[in-house]
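Written below as C-alpha cells is the structure these notes are about.
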Amino acid sequence: QVEGAYVGRVKRGSPAEKAGLKAGDVIIELSGQPVRNAAALERIVMGLRPGDQVAIIYLRDGRRLQTKLSV
C-alpha cells in the first residue's frame, strides 16, 4: 500500500485541474514535503499563500509523475 493523499475528484477550474491532476491520482509530495495522508496534505496546503507555485509529485497508474501547481 502506498502512503499519500488519494485524489477522489478534481473540481473544474481548480488549481489541481490546471496542474493536470485527475481522480485516482495519489499525491506523495507537495512543495518538497512528503504527503503521507490527506491530513498531511491539508497541513501543507494551509501554509501556502495565493500566488505560490509548488511542485507536486504524484502517482498515476503506477508511474511517478511531477507537475507544478499555482495556488
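The values are calculated or read from the model by the stated rules, or taken from the named source; none is laboratory data. Small disclaimer: the values here were computed from a predicted structure and weren't measured. Cβ placement follows ideal geometry from the backbone for every residue including glycine, while neighbour counts extend to all protein chains displayed. Surface areas here come from the heavy atoms of the whole protein model, side chains and all, with no ligands, DNA or RNA. Shrake-Rupley method; radii C 1.70, N 1.55, O 1.52, S 1.80 Å.
Worth pointing out:
- Here the Karplus curve 6.51 cos²θ - 1.76 cosθ + 1.60, taken at θ = phi - 60°, turns the phi angles of the stretch 13-29 into couplings of x, 6, x, 5, 5, 5, 7, x, 5, 9, 4, x, 5, 10, 7, 10, 7 Hz, with x standing for Gly and Pro.
- Environment charge at ILE56 (Cβ cut-off 10 Å; Lys +1, Arg +1, Asp -1, Glu -1): -1
- Carbon plus sulfur fraction of accessible area for the chain, probe 1.4 Å, in percent: 48
- Karplus 3J(HN,Hα) series, Hz, for the stretch 42-58 with 6.51 cos²θ - 1.76 cosθ + 1.60 (x for Gly, Pro): 4, 4, 5, 4, 5, x, 8, 10, x, x, 4, 10, 10, 8, 10, 10, 9
- Under 15 Å from the Cα of LYS18 - aspartates and glutamates, other chains or at least 8 residues apart: ASP52
- P(r) weight above 18 Å for the chain, C-alpha pairs, percent: 29
- Relative contact order of the chain, defined on C-alpha pairs under 8 angstrom at six or more residues apart (%): 32
- Computed lengthening from TYR6 to LYS22, 0.36 nm per intervening residue step minus Cα-Cα distance: 4.8 nm
- Residues whose placed amide H lies under 5 Å from that of VAL10, excluding near-sequence neighbours: ALA23
- A 1.4 Å probe over all protein chains sorts GLU29, GLU17, GLU3 by accessible area into GLU3, GLU17, GLU29, starting with the largest.
- Residues in the stretch 2-8 carry Karplus couplings, in order, of 9, 7, x, 10, 6, 8, x Hz; the curve used is 6.51 cos²θ - 1.76 cosθ + 1.60 with θ = phi - 60°, and Gly or Pro positions show x.
- With all protein chains kept in place, the per residue accessible area of the chain amounts to 70 square angstrom at a probe of 1.4 angstrom.
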